[in-house]
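**Q** Would you mind keeping the following structure in view while I ask a few things?
The values are calculated or read from the model by the stated rules, or taken from the named source; none is laboratory data. All figures in this text were calculated on a predicted structure; none of them were measured in a lab. Neighbour counts are summed over all protein chains in view; Cβ atoms, including those assigned to glycine, are modelled from backbone coordinates with ideal geometry. Areas reflect the complete protein model, heavy atoms only, side chains present, ligands, DNA and RNA absent. Shrake-Rupley method; radii C 1.70, N 1.55, O 1.52, S 1.80 Å.
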Amino acid sequence: MPADSSVNFSLLHRTCKLVVLLCFLHISVTVFFYVRSMDVRFAFVQNQQMHKTAPRTNSVQAPVINRTGKAVVVPGGQNAETPVKSLEKCPETSPLLVGPLRIEFQDPVSLEQIKSENPNVQQGGRFKPKDCLALQKVAIIIPFRNRDEHLKYWLYYLHPILQRQQLDYGVYVINQDGDVTFNRAKLLNVGYTEALKEYDYDCFVFSDVDLIPMDDRNTYKCFSQPRHLSVSMDKFGFRLPYNQFFGGVSSLSKEQFLKINGFPNNYWGWGGEDDDIYNRVVSRGMSVSRPSGEVGKCRMIRHNRDKKNEPNPQRFDRINHTKETMNKDGINSLSYQVVKVEKFDLYTKITVDVGKP
Ligand code: UDH
Ligand code: NGS
C-alpha cells in the first residue's frame, strides 16, 4: 500500500471516530433534556390535578362564617381564619330551573333507578348545593301509611326538582304505626319535632305523598307569609276548590309554625285539619301566600279512599272552634312514641305511635 493512502485512511478513521463521538454527545444531550422536560411536565400535571380536586375536598366540609359574615370553607386542621374558598349565597331564583314539567304515572319506577339518577342525594334523603350556600334549610315532611308506590313517584320527581331549586333539604316520611284511624296533622307535628332533632331547619314543607308539582318554579321553601303550594291541582280542574283551601302541600317557617302553636292533634280520619290550620294562620294575623295558578299546577296520583281514614264526622264542629282550641291543642300538647327511625338512601322514615282517638 502506498504511504499517502495509509495517511488518508488514518485521517478518515479519526474523522469517523470524531463524528461518532459527536453523535453520541448529541444524543446524550438530547436525552438528558428530554427526560428533564418529562419531569417538569409530570409535576405540572400532578399540580393541576391537585388544584382540580382541592375545592371538591373542601366543599364537603361545613362552611364557617367569618367576621365579615361571609361563609368560608376551611380545610381540616388549618387555622379557621385562613379563607380558602368562600361560598357565595345561592341566588334568590335558581338558574337551574326549567319551568313546566311532564308528570305521568304510567311507568313504574324503582328505588335503585331513582338512587342512581340522584347520586348527590345523601343518606336519609339529604342534599345541599355544592357551589353556593342555600338560602333556606328545608325539612320536607310527608304524612304516611301504606303508600309505597306513591312514595316512589314522589321521590322520583321531587329529588331532581328540589336539587334544581338549590335547597339545603331533608326528606322525612312520618309513618303512622298500627292500624288505628289516620291522623295527618298530628303526623306533621311529629315530623316538625323529629326533623329539628336532626338539623337546624328553618323552613318546613308539609306535603301529601301523592302530589307532584308540574313546574319547578314552585319552590319548596318558605315565604314571609305561610304558603300554600298546591294551588291548581289536576283533580280540581287546575283551580282552587275554595279560597281558604290549605290542603295538599304547604310551607311554614319555624317562626310561623310556632306562632300558630303548630297543627291540631285531634283530627282523626279524613278532612278538616287543613281548614283548622288555615284558621290558625288567619287568627294570628297572617295571610296565605300562593304561587300563580300556572306555576302552582300539580298532579295527584289517583287512588281509592284508604282504610281507617274515613271522613271525620267531628270535623265541622272542630273547625268552628279553632280560635278557642288552638292555644292548648298543638305543638305544645304533642305526645307520641317513636317506634323506629330508618335512614334510607332517599329518605328518612320515622315510624310513630300517635295513640288513638
Ligand atoms: N295518607 C297515607 N296513608 C293513608 C291515608 C293518608 O299515607 O292511609 C297520607 C298521604 O300522604 C296522603 C295524605 O295523607 O296523600 C292525605 O290523605 P287523604 O287520603 O286523606 O287525602 P287525599 O286527598 O284522598 O289523598 C282523599 C280521598 C280520596 C277518595 C277518592 C275516591 N275516588
Ligand atoms: C274540604 C275538606 C278539606 C279537604 C278539601 C279537599 O271539604 O279537609 O275538602 O278535599 N274540609 C272539610 O271536610 C271540613 S279533597 O277533595 O282533596 O279530598 O282538604
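**Q** What's the ranking of 122-129, 318-325 by average number of surrounding C-beta atoms within 10 Å, highest first?
**A** Packing order, densest peptide first, comes out as 122-129, 318-325.
**Q** Also: Under 16 Å Cα to Cα from Lys323, which aspartates and glutamates show up? Leave out anything in the same chain fewer than 8 places away.
**A** Reachable aspartates and glutamates: Glu273, Asp274, Asp275, Asp276.
**Q** Over 31 Å between Cα atoms, which of Lys259/Lys356; Lys115/Lys356; Lys128/Lys356 qualify?
**A** Pairs exceeding the cut-off: Lys115/Lys356; Lys128/Lys356.
**Q** What does the charge add up to near Asp234, with Lys and Arg as +1, Asp and Glu as -1, over the other residues with Cβ less than 10 Å from its Cβ?
**A** Residues near Asp234 contribute +4 overall.
**Q** With an 8 Å Cα cut-off and a minimum separation of 6 or more residues, compute the relative contact order for region 151-263 in percent.
**A** Value for region 151-263: 29 percent.
**Q** Per residue, how much accessible area does region 245-357 have with a 1.4 Å probe, in Å²?
**A** I get 50 Å² per residue for this part.
**Q** Over region 151-210, with every protein chain in place, what whole percent of the accessible area is carbon and sulfur at 1.4 Å, could you tell me?
**A** The computed percentage sits at 45.
**Q** Applying a 10 Å radius around every beta-carbon, put 152-163, 276-287 in order of their mean neighbour count, most first.
**A** 152-163, 276-287
**Q** Right, another one. Please work out how much accessible surface Arg305 shows to a 1.4 Å probe, ignoring ligands, DNA and RNA, in Å² rounded to 10.
**A** 140 Å²
**Q** Oh, and also: Express in Å², to the nearest 10, the accessible area of Cys298 obtained by rolling a 1.4 Å probe over the protein heavy atoms while all chains stay in place.
**A** 10 Å²
**Q** Could you sort 102-110, 342-350 so that the peptide with the highest average Cβ count within 10 Å comes first and the rest follow in order?
**A** 342-350, 102-110
**Q** Work out, in µm²/s and without decimals, the Stokes-Einstein translational diffusion coefficient of region 88-221 at 37 °C, 0.692 mPa s, Rh from Kirkwood over C-alpha pairs.
**A** D = 211 µm²/s.
**Q** Let me ask something additional. To the nearest 20 debye, what is the magnitude of the charge dipole of region 226-357 about its Cα centre, counting +1 on the Cβ of each Lys and Arg and -1 on the Cβ of each Asp and Glu?
**A** 180 debye
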